1. Please report the Cα spread of the range 1-101 along all three principal axes, rounded to whole Å, starting with the longest.
2. Which of the three applies to the range 280-376, rounded, prolate or oblate, going by the alpha-carbon gyration tensor with a ≥ b ≥ c and a/c under 1.5 meaning rounded?
3. Restricting to Cα pairs below 8 Å that are 6+ residues apart, what does the relative contact order work out to for the chain? Please round to a whole percent.
4. Tell me what the chain gives for mean residue ellipticity at 222 nm when only DSSP H runs of n ≥ 4 count, each as -39,500 (n - 2.57), the sum divided by the residue total, rounded to 500 deg cm²/dmol.
5. For residue 564, which lysines qualify as cross-link partners when the Cα separation must be under 24 Å and same-chain residues fewer than eight apart are set aside?
6. Using the per-residue mean of other Cβ atoms lying within 10 Å as a proxy for protection, in what order, highest first, do the peptides 556-566, 366-376, 531-541 fall?
7. Where the only charges are on Cβ atoms (+1 Lys, Arg; -1 Asp, Glu), what is the dipole of the range 101-223 about its Cα centre, to the nearest 20 debye?
8. Size of the dipole of the chain about the Cα centre, Lys and Arg at +1 and Asp and Glu at -1 on the beta carbon, nothing else charged, in debye to 20?
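What follows is calculated from the coordinates using simple rules that are stated; it is not laboratory data. Nothing here was measured: the structure is a model prediction, and the numbers come from that model. With ideal geometry, Cβ positions are generated from the backbone for all residues, glycine too; neighbour counts draw on all protein chains shown.
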Amino acid sequence: MIEAIVLDWAGTAVDYGSRAPIIAFKNAFAHFNIDLSEATIRQDVGLDKLTHVRKILQNSEISSSWETTHPTIPLAKAAEEIYAQFQIEINKVLAETAQLKPGMTDLIKFANAHHIQLATTTGYTQAMLDQILPLAAKQGYKPAYNITSEQTNHVGRPSSAMVELAIRKMNISDPSHVIKVGDTVNDILEGKNAGTISIGVVDGGNLIGLSQQEFNELDIEQRDRCQAKAAVILKEAGADETINNIADLIPLIEAINDQQHEMPLLLTPGPLTTSHTVKETMLVDHGTWDDDYKELTQWVRHELVAVGKASEDDYTAVLMQGSGSFGVEAAIGTAVPKQHATLLIAANGAYGERMIEIADYLSIPHVDLQVPEDQTVTLTAVEESLAKHPEVTHFAVVHCETTTGILNPIETIIPALAEKGIITIVDAMSSFGGVPIDLERLRADYLITSSNKCVQGVPGFSIVLAKKKTLQGTEGNARSLALDLYAQYRTFEDHDGKWRFTSPTHVVYAFAEALRELEQEGGVTARTHRYHTNETLLRKGMQELGYELVINEDVQSPIITSFKYPTADFNFRAFYEYLKDRGFIIYPGKVSKCDSFRIGNIGEVSADDINHLLNLIKTYTKEELQLPVGN
């Protein structure tokens with residue numbers, strides 16, 4: 001939610017057309033017999049004024065003119081003398097140009113009603129600002145803080161120093177909850193460098209440079225051209241949005257707040273936050289018998305095999321209606337014959353335990369390899385179980401066990417079992433698409449994921465990537481009509497992508513878009529890098545705030561990270577609601593041996609989002625829990 005607005009003064013809040021600095025610069029240089037064009041002055045408006053003078057003197061024509069006119073005064077001294085004259089000239093015009101711009105009164109009322117703090121940064125000195133403040137106050141404009149570069153060791157725009165100081169004074173922890181508004185390129189850069197939302201204001205600003213009367217006298221087409229040109233310059237500088245009238249900020253803030261309220265960021269292992277384009281794909285209805293839809297289904301199956309680094313000669317993708325657990329149950333229930341077969345299940349978390357429960361429901365003979373939740377399943381432990389149970393024919397394990405976020409080393413376990421002729425089933429629900437997996441090298445017989453995980457689609461179907469030779473020998477194995485993986489495979493193959501039963505059409509189209517976006521991002525390698533960046537930033541940031549990890553860093557996946565409760569009486573529900581109210585959804589813990597919570601790093605999530613979250617947790621830890629935190 002927007003907590004504060006930091007505004008520029010001339011051209012933004014007061015002084016329509018930003019006339020005061022232009023008049024003062026022009027007159028200051030004219031005092032020394034140098035005629036400046038308005039365009040030359042406006043090029044760097046927004047800088048502190050001494051820096052602005054120095055920038056103007058860097059113009060070769062102007063510096064040559066000075067050296068010709070004042071040969072005994074070096075340029076370094078010239079800047080000081082012109083700046084001194086500028087201070088005299090600006091004092092002559094500040095009062096007459098301190099009128100609030102149209103829309104400011106509405107914005108002030110809105111900000112007060114919604115408890116949004118107002119602050120300012122400026123290129124003016126404090127002495128100049130002291131002339132404006134009482135005049136603005138008489139018009140109802142009383143910003144809580146007014147920052148000049150004198151308060152930041154004379155570091156002004158485009159540096160973020162002044163905005164950052166304003167944010168600190170307002171006691172705001174997250175700059176993304178702040179809007180910086182200005183009418184110049186340097187205003188936009190100042191806001192972007194501070195991590196705020198940067199908004200460029202067009203009408204009455206420096207880039208149009210006309211007085212209110214001059215602007216009103218333009219015909220509609222001329223106004224539109226002026227506004228469009230200024231907006232383009234501000235956008236190119238990095239403005240997140242541009243507005244014409246300053247009051248246009250009101251609906252923009254309402255839209256930002258509504259979006260943050262309605263669309264929280266899901267920091268979970270799936271479902272996860274998807275892109276707007278993935279969501280928009282679901283706004284169109286489709287028929288299940290439509291040839292285009294069947295063709296799309298076949299394309300999705302083809303792409304999934306490619307993401308798994310496999311050949312369609314060896315592997316196929318079978319889509320199953322339902323959640324990831326539907327796919328796991330379909331794979332186990334179809335892969336294991338009804339007679340003369342035993343399944344070894346390695347479990348070091350809730351999802352390994354779920355496979356044990358599935359085997360119990362399906363009356364499948366099984367041996368359970370129980371591993372502590374904070375430790376990985378190892379090849380040594382698996383081989384020891386096999387030695388004790390020579391009857392084992394099938395093996396199942398979870399790749400990324402999101403109970404803790406641990407990553408089991410399937411790349412060493414699965415090929416070794418393939419050599420022994422054991423059929424292998426890998427629950428890669430939370431890793432496929434987010435962690436590189438090469439099926440040809442892995443040699444897994446079945447690998448399961450779902451549409452709402454690292455490919456970044458929405459919930460609706462599960463996916464089983466199956467070795468064709470293995471799958472084709474499973475006819476009649478299934479214990480369920482709807483979860484018969486072999487029958488589903490044959491229907492896709494024999495009917496050009498037709499699903500056996502009613503399929504989630506909207507989800508399939510969304511998933512197809514997600515696959516395209518995965519490729520556009522740079523494939524699994526690029527996505528893994530982003531996830532790793534998020535996880536490392538989160539893990540280190542939380543440790544700096546005093547939160548302990550549940551598992552060792554060397555077995556941590558980039559998918560989800562588990563943290564211990566910071567205190568014995570920690571109220572997770574209150575913590576959860578605090579973050580939810582501010583736009584983040586996290587997960588409770590599932591670890592049995594300690595109280596914990598989990599934070600996901602996957603989905604349409606950036607490093608900026610993680611930093612935002614960390615700032616919120618820092619504030620909560622310090623203010624609500626009253627615990628010491630790092631800098």
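1. For the range 1-101, the Cα spread along each principal axis is 55, 29, 21 Å.
2. The shape class here is prolate.
3. 14
4. -13500 deg cm²/dmol
5. Once the sequence-local lysines are set aside, what remains near residue 564 is 540, 580, 590, 593, 618, 622.
6. Highest-to-lowest ranking by the protection proxy: 556-566, 531-541, 366-376.
7. It works out to roughly 520 debye.
8. The calculated dipole for the chain is roughly 840 debye.
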